[in-house]
1. Take the Cα of residue 516, step 7 Å along the line toward its Cβ, and report every residue of segment 374-388 whose backbone nitrogen sits under 14 Å from that point.
2. Would you count, across segment 491-647, every pair of lysines whose alpha carbons are under 26 angstrom apart, provided the pair is eight or more residues apart or spans two chains?
3. Which net charge results when you count Lys and Arg as +1 and Asp and Glu as -1 among the other residues whose beta-carbon is under 13 Å from that of residue 479?
4. Around residue 377, what is the net charge, scoring Lys/Arg as +1 and Asp/Glu as -1 over all other residues with Cβ under 13 Å from its Cβ?
5. Can you give the FRET efficiency to the nearest 0.05 for residue 629 and residue 583, using r as the Cβ-Cβ distance and R₀ = 35 Å?
6. Among the aspartates and glutamates, which have Cα under 14 Å from the Cα of residue 262 when same-chain residues fewer than 8 positions away are ignored?
7. Determine the sum of side-chain charges near residue 303: Lys and Arg each +1, Asp and Glu each -1, restricted to other residues whose C-beta is under 13 angstrom from that of residue 303.
8. Rounded, prolate or oblate: which fits segment 491-647 when a ≥ b ≥ c are the square roots of the eigenvalues of the alpha-carbon gyration tensor, with rounded for a/c under 1.5 and prolate only if a/b beats b/c?
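Just so you know, all these numbers are worked out from the coordinates, no wet-lab data involved. Worth saying up front: this structure is predicted, and the values here are computed from it rather than measured. All Cβ positions, even for glycine, are placed from backbone atoms using ideal geometry, and neighbour counts span all protein chains on display.
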Amino acid sequence: MAQTEKKGGLLRKSSASKKPLKEKVVLMYDEIFTTEDPSKCNPRFWEELFLMKVNLEYLEGKLEALDGEELMKIKDNINCLFQHCIQALGEEHPIRVVNALQTLCALIRGVHQKNKSTSGFDIINMLVGFDKAELCMKNLMESLDSLLCAEGSESLKSLCLKLLLCLVTVTDNISQNTILEYVMINSIFEAILQILSSPLSRREHGYDAVVLLALLVNYRKYESVNPYIVKLSIVDDEATLNGMGLVIAQALSEYNRQYKDKEEEHQTGFFSALTNMVGSMFIADADEKISVQTNEAILLALYEAVHLNRNFITVLAQSHPEMGLTTPMSPIPTTPVTPLGTTPPSSDVISSAELPLDADVQTSNLLITFLKYSSIVMQDTKDEHRLHSGKLCLIILTCIAEDQYANAFLHDDNMNFRVNLHRMPMRHRKKAADKNLPCRPLVCAVLDLMVEFIVTHMMKEFPMDLYVRCIQIVHKLLCYQKKCRVRLHYTWRELWSALINLLKFLMSNETVLLAKHNIFTLALMVVNLFNMFITYGDTFLPTPSSYDELYYEIIRMHQNFDNLYSMVLRLSTNAGQWKEPASKVTHALVNIRAIINHFNPKIESYAAVNHISQLSEDQVLEVVRSNYDTLTLKLQDGLDQYERYSEQHKEAAFFKELVRSISINVRKNLAFNTLSQELLLKEFSTIS
């Protein structure tokens, strides 16, 4: 018997020359694409249609093949199909519900593809008709809400979420998607929360639910009252917030694991051997090849949770075992490898209740996972996606650094963690050994991340915006330490050295950088960080010797401050565009210059009296300690004040572009036909 092949909705015998036979469902679709009512000749047409396996490709292709005029001719049948799909969602037989959900996805995508140039209103009219839109969409949202909240099939819930993601991302700019007005009116917020609060549902659908929520929150967020923003901001249920945190932690953890695997694979390869042979000449080029697709969607969800909900801050510090270090009780089924950010992570989300803490396992939390993720994506800002990810990471850290409660646990001496941040390979430094990392309060890891960024991004394509955010985060953390008199045992010298090197870089590249940036804004912020240490350091530096070391670093690197003063003085005395910003830096340098001018003669005198050509650090420190009493400094106002983060006024354009990019990516990677009819039949064995 000749083998039967199937392609594009056609059935044919491979050895026969007869005309190909069409699937029954394809014949039924063809009837819908005529101007006649298909139920006239067959009263059971709609009932039978939803028992047939959906042919997504054919249905979408058919819609896309029609021009606007042809589509308008069959508008009544399209409306009818849409309405019958909604009716079928209330059926008892799950197969009909599944087929209706998949048909709705194909309809929405197909009609939108055809109407890209038209407004959302035309799409609504084409799908459901203006006159019935409100009632139909209400029924649709209520049905989806019921299916998501029911105890029933996980496959149905998965399809419901995919339909909602399809609905939300049907336009690149989600704020232009007028269909979402009905999703605002008929909220599914509680259904999303229910998924996140249940361990079983969260494992199956948490990723899609979190991404869906992040997108819905961004619908016309600056133009009208978005109920999802209002509701997310007041959620206080611990199980729900922890559930959301676990989904985000798992997705970021999966990214970190993929990166680490690629890094290890890369280091053991031939290229690694070659770089060792030639003295690591090409180490930067080698590292650029380690690339894992970033996950802006899950990062956006973390941002919205941190920014909108004060209660979520507690979730950041919730301890759980280090994901990826524990051995599952049963093997996890293997799934095809896909780029992260396109599909949910394959491994289950762990909750602290599901997997008890083990004394031998390194504990982690969402903040640590996020800091590790940030340390990876912030390495390479040349790539646009990584630049956006890096910027969003810094915005999230800005929100955390401003929060009183977050600062309390960041600086808590009883909450010490070993945080292994990824460090960019550089020729002049050795790779730090993971095992030598000390356990410290979490704020040390945040400061390490900021120092690492400062040190590794001084380049021609200077990421000015990221540097400004970086310095602002350090400043906000110092403001908290000063206010609460927190004496943090941190290697402050590393920060001071990084800041001085940054000033040196700005001066060395003055001409190139001034053509693109106002470098004096950044220089002023760096100088004021030093002023903060000089003025208030005795209240938050760990020991008096730390304060002495600050003076030692300023004196040791005085040439950089002298050069900076010469540069800003030159520009502030000229009547150019940089006169005012340069003069602000001139005034800010007054105390640093006073320290240099006070101690340098004393050090020279000490060296001359004792016949020493070059003083040791201890000798310089001795001179510093014995001459504090004659030093006069000016009190500078506002050093411990800062402007709080505001999304709407400063970041609206960034988030609009980011959400657009996420919407395109989610739409591109949605898969509706992952469920085979056989699997569904097996799951729905109760079907009559």
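1. In segment 374-388, the label zone of residue 516 (backbone N under 14 Å from the point 7 Å along Cα→Cβ) covers 381-384, 387.
2. Close lysine pairs found across segment 491-647: 10.
3. +1
4. Result for the local shell: -1.
5. Given R0 = 35 Å and the Cβ-Cβ separation, E is 0.65.
6. Cα-Cα hits under 14 Å: 254, 287, 288.
7. On the way: positive: 221, 391; negative: 296, 304, 647, 651.
With Lys, Arg at +1 and Asp, Glu at -1, the net is -2.
8. Prolate is the answer for segment 491-647, as a/c is 1.5 or above and a/b outweighs b/c.
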